[in-house]
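To start, the structure under review is shown below, and the notes come after it.
The values are calculated or read from the model by the stated rules, or taken from the named source; none is laboratory data. A quick note: this is a predicted structure, and the numbers were derived from the prediction, not measured. Cβ: placed from backbone, ideal geometry, glycine included. Neighbour counts: every protein chain shown.
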Amino acid sequence: MTLGEVAAQTGGWVAPEAASQEISGLASLDDANPGDLAFFANPKYLKALRKSRATAVLVPHGFGEKISPVRIWVDDPGVCFARLQPAFIPPAIEFSPGVHPSAVVSPEAAIGEGVFIGPFVVVEPGAKIGARSIIAAHSYIGHGVQIGEECRIYPNVTIYERCTLANRVFIHSGVVIGADGFGYEFRDGAHQKIPQTGIVQIEDDVEIGANSTVDRARFGRTWIRRGTKIDNLAQIAHNVTIGENSILCAQVGISGSTRIGNFVTLAGKAGINGHIEIGDGVLIGAMSGVTKSVAPKDIFFGAPAVPVKDYMRNFALMKNLQKLFDRVKKLEADQASRD
């Protein structure tokens, strides 16, 4: 693709004398080689931009620094870069509709039009799989499970009985949906299991990353609402509700019966206590431990988590504890010498 074609497809502008130069790939600023196109959208990567070996770089309008790569000025470099990606990546893998001979599909299961069921998949009685969904190798679809249209179940996924997935749900490898919630009572000198008889309900356009787990409810449902995206290695406990269009980053853990609002972001390794509520639009910082409910649109950080302004003030004070300690010791020593 020539740089002139890149500019035309992104609505950008490139110097006419450079328009005939060609690129053959896309890369980050750090990884780019001659022949690659990269993009610059954040000032913190300015050092990487100056060192980049890319042939050309998408830059925002108004960027005037002279750099080695050819500059292509666009409205939004990140968005424009993503718009170009389909032309440079391998075509999507296609799965022809049908059931692999090694799959075990109950005659009492309902399989929609255009469904692909891969090698060694098990589909139990009463399960329903909607049109054009893909169930990849070695996955297990339990009794009475309902999967909507155009879902993608990657290899080695386990979906326990009676759980429901709506449309366009993507579940990555190693995910377990519907395992028993972690519920026990200590009686007669032993931990006695509390039956977990509810389900997991997942709405449209949810994506769950590899090796995450979503436990079934004690009764009722564990509920993940429309558009929410969950990273790898997350744990969602029984009877949790996660609102629409929320983001859960890697290794987040949510304890039982907690309610997460809409448009919430839980950064990596955040831990959320049980039986509390996180309001709409809340941001919880990485490695934070949330022990109490959080009001809408608040930003919390730390363990235990506190409002981010309090955390920053306390952090600044903690950095000076040694100085304060040394001053107090000196004052005590001075006082002792005077006595």
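Structural remarks
- Residues in the range 177-230 that are assigned to a strand (DSSP E or B), farther than 16 Å from Cys151 by Cα and not aliphatic (A, V, I, L, M): 13 in all.
- Residues (within 20 Å of the chain's Cα centre (by Cα) and surrounded by fewer than 23 Cβ atoms within 10 Å (Cβ to Cβ)) located in the range 152-167: Arg152, Tyr154, Pro155, Asn156, Thr158, Ala166, Asn167
- Selected residue [assigned by TED's automatic domain parsing to the domain that holds Ala166 and either at pLDDT below 95 or more than 16 Å from the chain's Cα centre (by Cα) (or both)] from Gly253, Gly279, Gly243: Gly279
- Members of the range 90-147 that are assigned to a loop (DSSP other than H, G, I, E, B) and either in contact with a helix residue (DSSP H, G or I) (Cβ under 6 Å, 6 or more places away or on another chain) or of a type in the set (Val, Ile, Thr) (or both): Ile93, Val115, Val121, Val145
- If the condition is being in a strand (DSSP E or B) and surrounded by fewer than 17 Cβ atoms within 10 Å (Cβ to Cβ), then the range 278-295 contributes only Gly289.
- Residue pairs meeting the criteria (Cβ under 8 Å; at least 6 apart or on separate chains; first not assigned by TED's automatic domain parsing to the domain that holds Ala210, in the range 163-177; second of a type in the set (A, V, I, L, M) and buried (at least 20 other Cβ atoms within 10 Å of the Cβ)): none
The rows are residues; the columns are (1) within 24 Å of Pro90 (Cα to Cα); (2) part of a loop (DSSP other than H, G, I, E, B); (3) of a type outside the set (Lys, Arg); (4) touching a Gly at 6+ places or on another chain (Cβ under 8 Å).
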| site | (1), (2), (3), (4) |
| --- | --- |
| Ser20 | no, yes, yes, yes |
| Asp30 | yes, yes, yes, no |
| Pro34 | yes, yes, yes, no |
| Ala38 | yes, no, yes, no |
| Tyr45 | no, no, yes, no |
| Arg50 | no, no, no, no |
| Arg53 | yes, yes, no, no |
| Val57 | yes, no, yes, no |
| Val79 | yes, no, yes, no |
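- Lys66 being at pLDDT 95 or above, more than 22 Å from Phe88 (Cβ to Cβ) and in the same structural domain as Ala82 (by TED's automatic domain parsing): no
- The residue pairs whose first member lies in the range 183-206 and is at pLDDT 95 or above, whose second member is assigned to a strand (DSSP E or B) and of a type in the set (D, E, K, R), and whose beta carbons are closer than 7 Å, counting only pairs six or more residues apart or on different chains, are Tyr184/Lys193; Gln192/Glu185; Ile194/Glu185; Gly198/Arg221; Ile199/Arg221; Val200/Arg221; Gln201/Arg221.
- Close pairs from the range 304-330: first under 15 Å from Ile284 (Cβ atoms), partner of a type in the set (A, V, I, L, M, F, W, C) and at pLDDT 90 or above, Cβ under 6 Å, at least 6 apart: Ala305/Val290; Val308/Ile299; Val308/Phe301; Tyr311/Phe301
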